[in-house]
Amino acid sequence: MANEQKRQQLYQLLGDLPERHHLSVTRLKEEEKESYILETLLMEINGSEKVPAYFVRPKKTDQKRPAVLFNHSHGGQYDRGKKELIESSAYLQQPSFAEELTRLGYSVLCMDMWAFGERQGKKESELFKEMLWNGQVMWGMMLYDSMRGLDYLASREDVDESRIATVGMSMGGLMSWWLSALDERVKVCIDIAGQVEAQALIRQRGLDHHGFYSYVPGLLKQFQTADIQSLIAPRPHLSLVGDQDRMTPFEGLATIDQSLTNVYTQAGKPDHWKMSRFSCGHIETAGMRSELCTFLQTHL
């Protein structure tokens, strides 16, 4: 089956998703920070609820710049959401990704996902159940918002839409590779601590290490983790993982790595896939951050 058919098959598993209507984004304020410009946005993208977001850009923006869609993590920190972009978090390195990426010349968008940040109110479990009753899948609704985020980046006159990457940690890492698999506008994918091989997780009885948000009905009848990520090839994909991370079972890492190594080799781009393992748990290390920056600069 051709990749485009597989993408459509995968997309159809994500429940009843909204039509892609006109994109409307309001800039609520703009602030000059020490090393970048911060725009606070309110996005009308899904026909259901408005999505608060941050967009940061380097101070010198006299040309179109490459952009990164930054996907915030979960961590049970429902109050954080997009703030993770500008403040970092306990398991991420300093400086924040806002500072790091704008220093390298990238603009960055980060949106509050359902149940996070300014979209708090209904709990994750409550939203999951309500959406399921209505024929929706929470992960599908999250991915839909992220795809609309790509629409917004592509619409900005100061963004080079041919040079868009996505980066995230944990839930954000999962979002990075799912989004990249579904949408070819993502030219570089980087995930941190987001490699969940489903069968390994089941064997190790690790399902309850993860929230409700990412479970897609019927997924494993048609796709395994590596099958989804194979849809990213031959675009560059860096995966940064911890060998002691209980959220990403060790035995599953080898399964994913071997499968994607084969896929990228067959595609004639073996250097576009790399899984780098670190002796750590569910965190971003200094070594990970350094490799992430190098990979981005090399491929974007």
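Which translational diffusion coefficient, to the nearest whole µm²/s, is obtained for the chain from the Stokes-Einstein equation, given a Kirkwood hydrodynamic radius over C-alpha pairs, 4 °C and 1.567 mPa s?
Estimated diffusion coefficient is 67 µm²/s.
Between ARG103 and SER35, what is the spin-label point distance in nm, taking each point 7 Å from the Cα along the Cα→C-beta axis?
Using points 7 Å along Cα→Cβ, the separation is 0.3 nm.
For a quick check: sort HIS282, HIS22, HIS72 by the number of other beta carbons within 10 angstrom, fewest at the front.
Working: HIS282 19, HIS22 6, HIS72 28.
Ranking HIS282, HIS22, HIS72 by Cβ neighbours within 10 Å, fewest first, gives HIS22, HIS282, HIS72.
Taking Cα centroids, how far is region 165-192 from region 96-140 in Å?
Result: 14 Å between the Cα centres.
Using 1/(1 + (r/R0)^6) with R0 = 35 angstrom and r between the beta carbons of GLN244 and THR26, what's the FRET efficiency to the nearest 0.05?
0.20
Classify region 162-206 as rounded, prolate or oblate, taking a ≥ b ≥ c as the square roots of the eigenvalues of its Cα gyration tensor: rounded when a/c is under 1.5, otherwise prolate if a/b is larger than b/c and oblate if not.
Note, shape of region 162-206 comes out prolate.
For region 85-158, I need the span (max minus min coordinate) of the C-alpha atoms along each principal axis, in Å, sorted largest to smallest.
Largest to smallest, the principal-axis extents are 45, 33, 16 Å.
If I stretch the segment between SER290 and ARG277 completely, what's the gain in nm (0.36 nm per residue apart, minus their alpha carbon distance), one decimal?
Working: separation 13, 0.36 × 13 = 4.68 nm, distance 1.34 nm.
Extending this stretch completely gives an extra 3.3 nm.
If you rank HIS272, HIS237 by fewest surrounding Cβ atoms within 10 Å, what's the result?
Details: HIS272 19, HIS237 28.
Neighbour counts put them in this order, fewest first: HIS272, HIS237.
Nearest 5 percent is fine: what portion of the DSSP beta bridges confined to the chain is antiparallel?
Percentage antiparallel, nearest 5: 45.
Once the cut-off is 16 Å, how many percent of the Cα-Cα pairs in region 1-118 end up in the long-distance tail?
67 percent
Defining a contact as two alpha carbons under 8 Å apart and six or more residues distant in sequence, what relative contact order in percent does region 166-244 show?
RCO, region 166-244: 39 percent.
Once both labels are modelled 7 Å past Cα along the beta-carbon direction, what's the THR298-ALA2 spacing in nm?
For the pair THR298/ALA2, the computed spacing is 3.2 nm.
Using a 7 Å offset from the Cα along the Cα-to-Cβ direction at both ASP62 and LYS269, what is the distance between the two label points in nm, to one decimal?
Output for this residue pair reads 3.3 nm.
In the chain, if the dipole is taken from +1 on Lys/Arg beta carbons and -1 on Asp/Glu beta carbons about the Cα centre, which of LEU38, PRO236, MET131 is farthest to the positive end?
Farthest towards the positive end: PRO236.
Over the Cα atoms of region 165-300, what radius of gyration and what Dmax do you get, in Å?
13.8, 38
Would you please give the FRET efficiency between HIS209 and ASP158, computed as 1/(1 + (r/R0)^6) with r the Cβ-Cβ distance and R0 = 25 Å, to the nearest 0.05?
0.05
What FRET efficiency comes out for LYS129 versus LEU42 if R0 is 35 angstrom and r is the Cβ-Cβ distance? Round to the nearest 0.05.
0.80
Strictly over 25 Å apart at the Cα level, which of LYS50/LYS129; LYS6/LYS64; LYS6/LYS82; LYS60/LYS83; LYS83/LYS122 would you flag in this model? Could you put the intermediate results ahead of the total?
Details: LYS50/LYS129 21 Å; LYS6/LYS64 33 Å; LYS6/LYS82 31 Å; LYS60/LYS83 23 Å; LYS83/LYS122 19 Å.
Over 25 Å Cα-Cα: LYS6/LYS64; LYS6/LYS82.
Project the alpha carbons of region 132-227 onto their principal axes and report the range along each, largest first, in whole Å.
Cα spread of region 132-227 along its principal axes, largest to smallest: 47, 31, 22 Å.
Quote the relative contact order of the chain in percent (integer), defining contacts as alpha-carbon pairs under 8 Å separated by 6+ residues. Working shown, then result.
On the way: 585 pairs, mean separation 51.0, N = 300.
Relative contact order comes out at 17 percent.
Can you give the translational diffusion coefficient of region 192-244 in µm²/s, computed by Stokes-Einstein from the Kirkwood radius over Cα pairs at 25 °C and 0.890 mPa s? Display every interim value, and only then the final one.
Details: Rh = 12.7 Å.
The calculation lands on 194 µm²/s.
Run the numbers for LYS122 and GLU87: contour at 0.36 nm per residue of separation, minus the present Cα-Cα distance, in nm.
Computed gain between LYS122 and GLU87 is 10.2 nm.
For region 10-54, what size does the Cα cloud have along each of its three principal axes, sorted from largest down, in whole Å?
44, 20, 14
Read-outs: derived from the displayed coordinates by stated rules, not from any lab. Since the model is a prediction, treat every value here as computed from it, not as a measurement. For neighbour counting, all protein chains shown are included, and Cβ atoms are generated from backbone atoms with ideal geometry for every residue, glycine included.
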